[in-house]
Amino acid sequence: MTSTVHRTCPLCEAVCGLTLTLDEGGHVTSVRGDKDDPFSKGFICPKGASLGRLDEDPDRLRKPLVREGDLWREVGWDEAFAAVKAGLDRVTDRQSIAVYLGNPNAHSMAGALYGAPLIKALGTRNVFSASTADQMPKHVASGLMFGHPLAIPVPDLDRTDYLLMLGANPLESNGSLCTAPDFPGRLKALRRRGGRLVVVDPRRTRTAALADEHVFVRPGTDAYLLFGMVHTLFAEDLITPAQEVNGLAEVREAAKHFPPESVARRTGVPADVIVRLARELAAARTAAVYARIGTCTAEFGTLAQWLVDVLNVLTGNLDRPGGAMFPKPATEFGARRRPYQVGRWRSRVRGLPEANGELPVATLADEIETPGEGQVTFLITIAGNPVLSAPHGDRLDAAFQRLDFMVSVDPYLNETTKHANVILPPPRVLQSGHYDFALLGFAVRNYTRYSPPLLPLDGQPSEAQILARLAMIASGLEGDLDAFVIDEMLRKATQTPGSGVEGRDVAELRDALEGETGGERRLDLMLRLGPYGEWTGKGDLSLRKLLDNPHGLDLGPLEPRLDEVLKTASGLIELAPPQLIEDVERLRSKLDEEPPEIVLIGRRHLRSNNSWLHNVGTLVGGSNTCTLQINPADVARLGLDGEAVVRSAKGQVTVPLEPTDTIMPGVVSLPHGWGHAGSAQSVAAEHAGVSVNALTDESAIDVPSGNAVFNGVPVSISPTGVINAH
Ligand SMILES: Nc1nc2c(c(=O)[nH]1)N[C@H]1C(S)=C(S)[C@@H](COP(=O)(O)OP(=O)(O)OC[C@H]3O[C@@H](n4cnc5c(=O)[nH]c(N)nc54)[C@H](O)[C@@H]3O)O[C@H]1N2
Ligand SMILES: Nc1nc2c(c(=O)[nH]1)N[C@H]1C(S)=C(S)[C@@H](COP(=O)(O)OP(=O)(O)OC[C@H]3O[C@@H](n4cnc5c(=O)[nH]c(N)nc54)[C@H](O)[C@@H]3O)O[C@H]1N2
Ligand code: SF4
Ligand SMILES: [Mo]
């Protein structure tokens, strides 16, 4: 007997619905796109199609591992947790604990629901995550402009007439901070309905090839380009904001320093193109500017992210259909009581400011290596592989060996977890429930879907239970973490006017919640209290309703809602936050700087996913290999052939060349997440590649957000024969 089941793909931000066929042993025999999902409508990519193979990867850990010297021993769960407790008991200063949360936490219920309580229980400020190697500039820009780090407007893809996209390649990545299943189809539809797509990228990507226009830009210079556009809007009197804002005059003043002719030199984008893009944006019936990883992981990441929304505001496109809009997720983020701030505390060694309660991953190695009070000696990694993903990861590789104790929650023994004393593996994908708490807040249509676990746990804890148990060990408390969280939320809600449950009895509400697990009951509570919730009188959502609708529910197109989202102290959009105006000085000071001869940038491949899908045979090989894209003119000029040595201030790698005129001269590109030589993952080890983060530099950061700089890294390249010539 086979069975057909449905669930959300947990592998990327597109949240596609999948239809799986399972045999009687619970093995996946086929994966298709779920045609009845109202959002993804049957779309699937090669990664989703390989979910079954990933789920049954023989190299996935099924039992906890404890390391004794160089030897790994499989142990039972109680023994594993006892080992963690013993390690933690030796910690005398809680500040010597660090936590690193990796990207899959944004895709798992466990990460969303148990990460914060675990951090609280550990009582440390040494919190690091992939966010500071990714999108922290967007959080900081949104926090300062709109008052909440999650108030991130997304392009209204399905209705916009004009999309200016910078540093994103959704034809490979399937989109980010813009949840849109079948992003490629949506872009094609935009063009079919007469809309215009302009892509700004140092490479002519597949997305650029699909666009009406592709603009080559020098890596790391998007903030100049965007400022040149803002300058033009003011100079040509094209400012039409739809909202009252604070700081218009300051933005005008700041933009004066960036006339198109000056920024053209720095960006490589001709002045007439910059002016035309600004005019097009202003003239379009509706338009949106959208910028992603290429612009975030850059020297001026926060300024670039800020200017994206400055342009959206100035052209009247913020918060209007077809423009840049705020989604309304079914489990909405809460209100903030205090104005958004960064730098509430600083890192011990480099004095880098906190953002969103985190410190930059670019300084994790400093905190481990530098002696003194608060030196990090105990590390927990959850769903992360910073040895391959963090800037200058090779340094972390060495630093991790100096830790007294390390715990990793991860299904694989890999480049990072090999340093752990204890590895706690989460169960198979199909044994986990799935709800996209984070990603549905960035969806281009309001939408919700819950996927309950498809297979029983067979005695192994869920990832939620693993994290909850770690939190209990760290806090020394006993009892049910979920019950505690639920009561806390209910207490608040029953005391909040307008919550829908004001004045009601906590115990009675608690008893009404449904769900097989604490996580499900918390989801039920968040749904019921959310903006479509049964208890708020604004809708009828509850866990029950989602269970009854396994293909998901469409909650309608995005609607203007700035008044609900805006949490600034002034109650207005802050167009010129002082911290950002201050950082404009740094931008100005480098306007006339000579660019390095060759700079390195990243890229993504459709069948990859950061560092951790390289062990699935159907996904590696062919075009998905670790090569250095380089312009043929540079190949000839540098006398290269076959492979080359790439050197930076931090390291060197030898890598096969992929000459292509799709990349600008003077720019080379390596994908990240490779470098699996000697890996315990058998397939990945055969397709090892090299780690681009052997080259990236942890001392370079985007100042306001502390984000890592992966794009625009100065490198030199030489033929393999002359390695020692320098
Ligand atoms: N040079 C360069 N570096 C980059 C980037 C770049 O563009 N260029 N991109 C950056 C970006 S955007 C990101 S998000 C980071 C990613 O950085 P990380 O999150 O540190 O790295 P990943 O490769 O995503 O590692 C994910 C880990 O989670 C494990 N895992 C997978 N599923 C689960 C699960 O369900 N539960 C648990 N507990 N573990 C799981 C995997 O085995 C793997 O070890 O890399 C960054 N690094
Ligand atoms: N297949 C696949 N999908 C993924 C991932 C993956 O590893 N593989 N990772 C996921 C994660 S964690 C994330 S964060 C998202 C990221 O999603 P995207 O932001 O779409 O990421 P990329 O596909 O790397 O596209 C970034 C583009 O920026 C360009 N670029 C580099 N430097 C610059 C610059 O200075 N300026 C400009 N304008 N462009 C520049 C690069 O050439 C590249 O084409 O993808 C997610 N989806
Ligand atoms: S696009 Fe993303 S969510 Fe959709 S099937 Fe592929 S990996 Fe899964
Ligand atoms: Mo990411």
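Here, each number is a calculation from the coordinates, and none is a lab measurement. Treat the numbers as computed from the prediction; the structure is a model and nothing was measured. Note that we place each Cβ from the backbone using ideal geometry, even for glycine, and neighbour counts take in every protein chain shown.
Output the number of residues of segment 86-110 satisfying the condition of being within 16 Å of ligand 4 (Cβ to nearest atom) and either closer than 19 Å to Pro10 by Cα or under 13 Å from the mean Cα position of the chain (by Cα) (or both).
We begin by selecting, within segment 86-110, every residue within 16 Å of ligand 4 (Cβ to nearest atom); these are 100-108.
The next check asks that each one be either closer than 19 Å to Pro10 by Cα or under 13 Å from the mean Cα position of the chain (by Cα) (or both); those that pass are 101-108.
Here the count works out to 8.
Count, please, the residues in segment 12-36 that happen to be among the acidic types (Asp, Glu) and under 18 Å from Pro453 (Cα atoms).
The qualifying residues number 3.
Could you identify the single residue in Leu54, Leu113 that is away from ligand 4 (no atom under 16 Å from the Cβ) and closer than 21 Å to Glu415 by Cα?
Sole residue among the options that is away from ligand 4 (no atom under 16 Å from the Cβ) and closer than 21 Å to Glu415 by Cα: Leu54.
When the residues of segment 349-382 are filtered to those that are in a loop (DSSP other than H, G, I, E, B) and without any contact (Cβ under 8 Å) to a residue 60 or more places away in the chain, which remaining residue is surrounded by the fewest Cβ atoms within 10 Å (Cβ to Cβ)?
Pro371
Of all residues in segment 390-429, which are part of a helix (DSSP H, G or I) and either among the charged types (D, E, K, R) or out of contact with any Asp or Glu (no Cβ under 9 Å at 6 or more places or on another chain) (or both)?
Residues satisfying the conditions are Asp394, Arg395, Asp397, Phe400, Lys418.
Only one of (1) in contact (Cβ under 8 Å) with a residue 60 or more places away in the chain; (2) more than 23 Å from Gln465 (Cα to Cα) fails for Leu65. Which number is that?
Every condition holds for Leu65 apart from (2).
Which of the residues belonging to segment 174-228 are under 19 Å from Thr302 (Cα atoms) and within 16 Å of ligand 4 (Cβ to nearest atom)?
Within segment 174-228, Ser176, Leu177, Cys178 meet the criteria.
Take segment 160-192 and flag every residue that is touching a helix residue (DSSP H, G or I) at 6+ places or on another chain (Cβ under 9 Å) and away from ligand 3 (no atom under 16 Å from the Cβ).
Listed by number, the residues that qualify are Thr160, Asp161, Tyr162, Leu163, Leu164, Met165, Leu166, Gly167, Arg191.
Select, from Val91, Val28, Val75, the only residue that is closer than 27 Å to Val620 by Cβ and more than 16 Å from ligand 2 (Cβ to nearest atom).
On inspection, the qualifying residue turns out to be Val28.
Considering only residues of segment 665-681 that are within 15 Å of His605 (Cα to Cα) and of a type in the set (A, V, I, L, M, F, W, C), which is surrounded by the fewest Cβ atoms within 10 Å (Cβ to Cβ)?
Restricting to residues being within 15 Å of His605 (Cα to Cα) and of a type in the set (A, V, I, L, M, F, W, C), the top hit is Trp674.
Considering Ala116, Ala98, Ala121, which residue is without any contact (Cβ under 8 Å) to a residue 24 or more places away in the chain, outside any loop (DSSP other than H, G, I, E, B) and within 19 Å of Ala383 (Cα to Cα)?
Result: Ala116 is the single residue among Ala116, Ala98, Ala121 that is without any contact (Cβ under 8 Å) to a residue 24 or more places away in the chain, outside any loop (DSSP other than H, G, I, E, B) and within 19 Å of Ala383 (Cα to Cα).
Give the residues of segment 684-699 that are surrounded by 20 or more Cβ atoms within 10 Å (Cβ to Cβ), aliphatic (A, V, I, L, M) and not in a loop (DSSP other than H, G, I, E, B), sorted by residue number.
Ala684, Val692, Ala694
Going through segment 19-47 one residue at a time, which ones are away from ligand 1 (no atom under 16 Å from the Cβ) and not in a loop (DSSP other than H, G, I, E, B)?
Thr19, Leu20, Thr21, Leu22, Val28, Thr29, Ser30, Val31, Arg32, Gly33, Pro46
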